[in-house]
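Encoded as structure tokens, the structure appears first; notes follow it.
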Amino acid sequence: MSQTPNEDKHLKRELGLLDGTMLVVGSMIGSGIFIVSAGMVQQVGSAGWLILIWVLSGLMTMIAAVSYGELSAMFPKAGGQYIYLKEAYNELIGFLYGWSFFAVIQTGTIAAVGVAFAKFTAYIYPPFSDENVLYQIGSFRLNAAQLVSIVIIILLTYINSRGVKNGKYIQTIFTVAKIASLFGLVIFGLLLAAKSEVWNANWSDTWTAKSWNKETSQWNIIGGSVLFSAIAASMVGSLFSSDAWNGVTFISGEIKKPERNVGLSLFFGTLIVTIIYISANLMYVAVMPLDAIAFAPSERVAVEASQYIFGTTGTYIIAIMIMVSTFGCNNGLILAGARVYYTMAKDGLFFKKAATLNNASVPGWGLWFQCIWASALCLTGKYGDLLDYVMIIVVIFYILTILGIFILRKKMPNAERPYKAFGFPVLPALYILLAAAFCFALLKDKTDTCGWGVLIMLAGIPVYYLSKNRAKNNTL
């Protein structure tokens, strides 16, 4: 590694266990839990499969998170997953992650959450809708929702460029607000709007899987390999909603006692979110018929649920709540992401400017590079496609990283491990098998979007060698 222990001396360790946990929770809870259940029900068509997929996604996320605890304790430095992959494999694999992280993973997630923020802003103020086209040239259309998402990304980038404390305060305040409001939605839903006849009807065919055919406008009973494909397609939404938990590893250089607090933040954060997500979906099933979940207008499932709970006025409250959630989520994503580019740049694998810290001791150039590309991705405007591009690459690198635990146990048997992966080797191996099956199904059934995601990742190989050659010539 090209870093020395003193290179991060200007990154200030100002974040504690609570801050780390709030970053995990705040980055995970964005737009997904309020939206994706609609598409999931269209894919699998039953309450039993819907809840099982959320439970499975939560367990996979928690297994991955507690496994990362070992790596975060071994390498408590800025850069997180990029460092883990580089140490377990080589610099090329680390670079491919960093390249994919910048090209699609982090920036694509920031863009998707920004688009979701705009979607719910438009619910309150319709002129901000994506149907309000402001400019068109050829097939390109610039709409108001895209501008809203870009403005929010720029605003949060500016706030985080002024120092890690600014981002920390926003993260804690907005995360506490969204946790309280989500638990409030679940509790009020179960107390005020849950109906036994709706619950019983939704669970009457618990394991009869059905898929909605848009061409015939009919439900088709599915099983076997078709059901397997439908589960994988559904898990794109639930895993996306549960993603970004690893953001706390990127800022290990700013966490107090990182060898302890990063791992604990991962565990507590993913546990809290898993409980919230399963509870929210149980509330949806208790309050609304499955068809109402599947065909919620614009897939705004939480807004539709609030109609049943609070009436029309409540829908505006929920829309504001989701705006708060997505705003806080993007703050965490933006805060964490630039630390990866900072570490890569110090290794000579990213723009040199990204390796510098500004007067507020944060990687300002990295923040603005991220902002520009995420804003460009907002112009694609398609939430669903962004999810497919992102998730296939995210899960591939999660597999490689957790496999890296096995590699490092052999490669560095005597290395200090303040924390060891829980359930090793069974639980990490289980995650690898489940995640590999998920990736296989996605590549088979969503080649048009997921295939492009993989190609973007592989395009980093020639970029890596070009970067290395330029570094040798001192031109990067």
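The values are calculated or read from the model by the stated rules, or taken from the named source; none is laboratory data. The structure presented is a predicted model; accordingly, all values stated were derived computationally and were not measured. Ideal geometry is used to build each Cβ from the backbone, glycine not excepted, and the neighbour counts take in all protein chains shown. In case anyone asks, the SASA skips ligands and DNA or RNA and just uses the protein heavy atoms, side chains included. Shrake-Rupley method; radii C 1.70, N 1.55, O 1.52, S 1.80 Å.
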Expressed as a percent, the accessible surface of the chain that is carbon or sulfur, using a 1.4 Å probe and the full set of protein chains, is 65 percent
Taking the highest mean first, how do the peptides 44-52, 245-253, 431-439 order by number of other beta carbon atoms within 10 angstrom per residue? 245-253, 44-52, 431-439
Given (1) 21.7, 68; (2) 24.9, 78; (3) 21.6, 72, which label gives Rg and Dmax of the Cα atoms in Å as computed from the coordinates? (3)
Which peptide among 153-166, 400-413 comes first, and what is the full order, when sorted by highest mean count of other Cβ atoms within 10 Å? 153-166, 400-413
Report the Cα-based extents of the range 310-416 along its three principal axes, largest first, to the nearest Å. 61, 37, 29
For the range 1-145, report the translational diffusion coefficient in µm²/s to the nearest whole number, using Stokes-Einstein at 4 °C, 1.567 mPa s, and a Kirkwood Rh over Cα pairs. 68 µm²/s
Mind checking which lysines have their Cα closer than 24 Å to the Cα of K195? Skip sequence neighbours fewer than 8 apart in that chain. K210
How compact and how long is the range 144-264, expressed as Rg and Dmax of its alpha-carbon atoms in Å? 21.4, 58
State in Å² the accessible area per residue of the chain; use a 1.4 Å probe, count heavy atoms of protein chains only, and round to the nearest integer. 39 Å²
Roughly how far apart, in whole Å, are the Cα centres of the range 106-129 and the range 391-408? 30 Å
Tell me the Kirkwood radius of the range 406-476: reciprocal of the mean inverse pair distance over distinct alpha-carbon atoms, in Å. 16.0 Å
Does the range 333-383 come out rounded, prolate or oblate, given a ≥ b ≥ c as the square roots of the eigenvalues of its C-alpha gyration tensor, rounded meaning a/c under 1.5 and, failing that, prolate meaning a/b above b/c? prolate
Cβ crowding within 10 Å averaged over residues, with 124-133, 104-113 ranked highest first: 104-113, 124-133
Test item: Cα-centred dipole of the chain, Lys/Arg +1 and Asp/Glu -1 on Cβ, debye: 1480 debye
